[in-house]
Every structure is written in structure tokens, then in C-alpha cells.
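The structure under discussion appears below in the form of C-alpha cells.
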Amino acid sequence: MAENADHPAYPVGLRLSGRRVVVIGGGQVAQRRLPALVAAGADVTLVSPSATPSVEAMVEAGELRWERRRYEEGDLAGAWYALITASDPAACARASAEAERERVWCVRSDDAAAATAWTPATGRSEGVTVAVLTGQDPRRSAAVRDAIVEGLREGSIAAPHHRARTPFVALVGGGPGDPDLITVRGRRLLAEADVVIADRLGPRDLLDELPPHVEVIDAAKIPYGRFMAQEAINNALIQHAKAGRSVVRLKGGDPFVFGRGMEEAQALAAEGIACTVVPGISSSISVPGAAGIPVTHRGVAHEFTVVSGHVAPEDPRSLVDWAALARLTGTLVILMGVDKIGAIAAALVAHGKDPATPVALVQEGTMAAQRRVDATLATVGERVAAEGVRPPAVIVVGEVVAEGPTKLPAEVVTEGPTKPPVQDADGQEEAPRG
């Protein structure tokens, strides 16, 4: 290899399905490389006297065979590809020499210059494999790979399909609002969409990144104003799907956490239209976390419960067992409950909850305007009115409110405008970020 050191490596994709691959050495390097070989369908034999627990687990799962011994001459017979990762330099050299004689492409983790093949830094994004080689600078290779894969995933690198692709419908949870908190899959589907039907509480900043040809339909339920009824949203999904377009329903939070995602999935199913559900980061855990509040904490809360507060406890339409919730010792997270929190707090206290139980309201969680208001069950109704807390806000009830890296004193307010609570056209707070 020394005489060829100035020549670049020739990039190629090996199709190893059903073909014999030998890995010598069962340490950390093998642990990193083996999953990709298994995923490629290779017939993998590991030769090593020992292996990491993760490699042993792969053996126990039947993903590869393990010869529990040191390398011996002839181990590479019939192999198409070899990966040498042993800690013994002499064994590595002997195995490499055998690979050269047998014309087996061979990667050496101990001496790249002596190898006949190099492993590129690889990454994948929905059917596209990115492989980067920069000679003997693996960190640079990894950095270039990461930049390309991230660009493909978020859509900042344009890679349009030039062959016919199958249109899709996806219900995508956009997370609590910060555009960085949408899932990788959700962002990729958004970049491939022809039509996006978006809630106001979804990650709206991502809409600016969409190509000009993408049709964006505003499904926002603006309080006391124009709103798109659920039936109209369902009809829009069906109409564009039947027209052969790729449709993303971009929702705040998670589609199935008070997001009416199942109603949309059922409406599509009734028309014979399949859809993909992409879970999102729910505001019920992410928003408290962004404000420094853990919904569970060792020795404080072993469970947390998420409820909708858009219907008051005394309302006959309420499906929440407030008496049962009052008996729980864990954390209670309330969504869509700002304008009903006084009545909710009174019901919890009436059913035995300590009036001194800490309460925190986190408004516009994860967004630039985020603010936190702290109170107790006894005072939260007054605090909400006095501080003008408005939706969207997540309410946390329980001792975890007093935990966190910096413990805030009770009834403290952090930053934010003061505006009256708002409701939608039905007299309920607008839908949460799931």
C-alpha cells in the first residue's frame, strides 16, 4: 500500500447480503461496526477470545456467529470482506497478509495505511446513504457526513426526487413550539410535502423554510375569531390526498395528546387513505422541563398524570375524575386549563388536596416569550388573573414544582407580557401543543 499512498481511494458500495464477512476482535470498534454489517444482511463470523456485552447480545440474538478464540490462519477463507480490530498487532498483521493473499478487501482499525479498504463515515436519511472519505482524517469525515445528513433531514440541502414517488399523508407532531424540537422524521416529511395543513401552535418558523410551490393551509383556531372546524380539516386532508399530493398535517405537541389526531386518522381511513403518524414531543413533559421542572423526581413523585382542563370540574361534560386525582401523590399536568384553573384548584382542595401544594404555570413554553408563574392551589386563581397568564400554558401541580437546579420562591413571576386569558369560539381555550 505504501507505493499507492498518494492515490485516492475508489469509493464503492458493497452489497454483502448473504456473503461471508469475518470480523477479528470483539472490542469497541467491532461493537460500532457490526450493526451496519448485520443490517446489510452479511453472514458475519466474529473471531475473538472475548467480546463486549453489546457484541455478546448480538450473538445471543442470532445476528452473527462467534468463534471464541484468537485468529488462526485460514479464518478468512471464503470471505468477501474482513474487518480487523484485534488488540494484538502481530495477529492483525498476519490476518492482513492472509487477506492480501486471498484477495479479500480488508479494513484495519490499527493501521489504516496497511489496509486495502477504508470504512467511510456513513449516515442515512430515508433511502439515501452518505459515505465520506477524507483519507486518514476520520474526524473530518464524520463532520462532513453530519453536515450533509443534517441538511438532507431538515431540507436545507435540496435533493428532489427525479423518479416517481408515492404520495403520502402524515400526521406530524411538531413538538412544543421550538422548531429545533420537531423530530428528524417529521422535519424530513415536511421538506417533502406538497401541502402542509398547519396549526398555529405548531413550529411555525419551519413554514418559512418550505419551497415556494408548497401550499400552506392555515388550520389555526384563532380565539374568538375565524377558525377551521375539524370537519373542514378532515375534508382538506382527504381532498389533497385523493388529488395525489403529499400532505403533512403539522400539529403542535403530539398528534394523539389532545391533538384530535385520531379523528383525522379515522376520517382518512373511512376514505381508504392510509396515513403515517409521526409522534411529537409532548408539551406535557417538555414545557415543564424547559422551565426547570421534572414531572418525576426520585423521592418526590413516582408518577405523573396529564389531563385536559378545558372543561370545568362541575361541568357535566367533564370526563376527569378530580376526586381520584386529588388522592394521588404524584405530579398533575394540566393542559388547556388556564381559564378554569381557579375552579380546578378549588375542586382538588375540596377533595382533600393540600391548599399549599405548589403550582407552576409555564406560558409559551420553549419559545422566546416563555415565562413561569409560581403559586399554590390556594392562590393560583388569583395569580393567573393578576399576572394575566394566557394560553398556551402548561400547568404543573405537585411537589416537583419546588425542585430544579434553581429553586424559585413560591409565587414568583418570571418575565412576560400581561394579557387576559383567551378562548376559542366555543368558549374553550385553544388546543394545546399536545
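The values are calculated or read from the model by the stated rules, or taken from the named source; none is laboratory data. Being a predicted model, the structure only gives us computed values, none of them experimental. Cβ coordinates were reconstructed from backbone atoms using ideal geometry, including for glycine residues, and neighbour counts include every protein chain displayed. These accessible areas exclude ligands, DNA and RNA; they are computed on the full protein's heavy atoms, side chains included. Shrake-Rupley method; radii C 1.70, N 1.55, O 1.52, S 1.80 Å.
Taken one residue at a time, the phi angles of segment 45-54 give Karplus couplings (6.51, -1.76, 1.60, θ = phi - 60°) of 10, 9, 10, 5, x, 8, 7, 5, x, 5 Hz. Gly and Pro are set to x. The heavy atoms of ARG20 present about 60 square angstrom of accessible area, all protein chains included, probe 1.4 Å.
Helix 28-39 axis versus longest C-alpha principal axis of the chain: approximately 80°, rounded to the nearest ten. For VAL169, the residues whose modelled amide H falls within less than 5 Å of its own, excluding neighbours fewer than 5 places apart on the same chain, are VAL247, THR276. A dipole drawn for segment 1-148 from +1 and -1 charges on Cβ atoms has a positive end, and of SER141, ALA39, ALA86 the residue lying farthest that way is ALA39.
Let me make sure I get this right: for segment 33-79, a, b and c are the square roots of the gyration tensor eigenvalues over alpha carbons, sorted descending. Under 1.5 in a/c it's rounded, otherwise prolate if a/b > b/c, else oblate. Which is it?
Since a/c reaches 1.5 but b/c is at least a/b, the shape of segment 33-79 is classed as oblate.
Put a dot 7 Å past the Cα of ALA112, heading toward its Cβ, do the same for ILE157, and the two dots end up 1.9 nm apart. DSSP beta bridges confined to segment 228-380 are antiparallel in about 60 percent of cases. When you restrict to C-alpha pairs under 8 Å that are six or more residues apart and normalise by the size of segment 1-98, the relative contact order lands at 31 percent.
Remark on TRP66: its backbone amide H falls under 5 Å from those of LEU46, a criterion applied only to residues 5 or more positions apart or on other chains, H modelled at 1.01 Å from N. Just checking my list (1) 27.0; (2) 20.1; (3) 18.5 against mean projected area of the Cα convex hull in nm² computed from this structure; which label fits? Label of the calculated value: (1). For the chain, modelled as a GNM whose springs connect Cα atoms under 10 angstrom apart, the maximal fluctuation among ARG245, ARG108, ARG65 occurs at ARG65. If both residues of a DSSP beta bridge must be in segment 293-391, then about 60% of such bridges are antiparallel. Each residue of segment 317-325 is assigned a 3J(HN,Hα), and the resulting list reads 7, 5, 9, 8, 8, 5, 5, 5, 5 Hz, derived from the Karplus form 6.51 cos²θ - 1.76 cosθ + 1.60 (θ = phi - 60°), x at Gly and Pro. Helix 89-102 and the longest principal axis of the Cα set of the chain meet at an angle near 70°. Largest GNM mean-square fluctuation across VAL128, VAL338, VAL389, computed for the chain with C-alpha springs under 10 Å, falls on VAL128.
Bridges between two residues of the chain, per DSSP, are antiparallel at a rate of about 40%.
Only helices enter the 222 nm calculation for the chain: every DSSP H run of n ≥ 4 contributes -39,500 (n - 2.57), and dividing by all residues gives -8000 deg cm²/dmol, rounded to 500. Taking Cα atoms only, the orientation of helix 230-242 departs from the longest principal axis of the chain by about 30 degrees.
With θ taken as phi - 60° and the Karplus curve 6.51 cos²θ - 1.76 cosθ + 1.60 applied, the whole-hertz 3J(HN,Hα) list for segment 71-78 is 4, 10, 4, x, 5, 8, 4, x Hz, x standing for glycine and proline. What you get for segment 196-321, charging only the Cβ of Lys and Arg (+1) and of Asp and Glu (-1), is a dipole of about 140 debye around the Cα centre. Taking amide H positions as modeled 1.01 Å from N, with prolines and chain starts lacking one, the residues under 5 Å from THR331 and 5 or more places away or on another chain are GLU303, PHE304, THR305. Taking every lysine pair in the chain that is 8 or more places apart or spans two chains, those with Cα atoms closer than 27 Å amount to 12.
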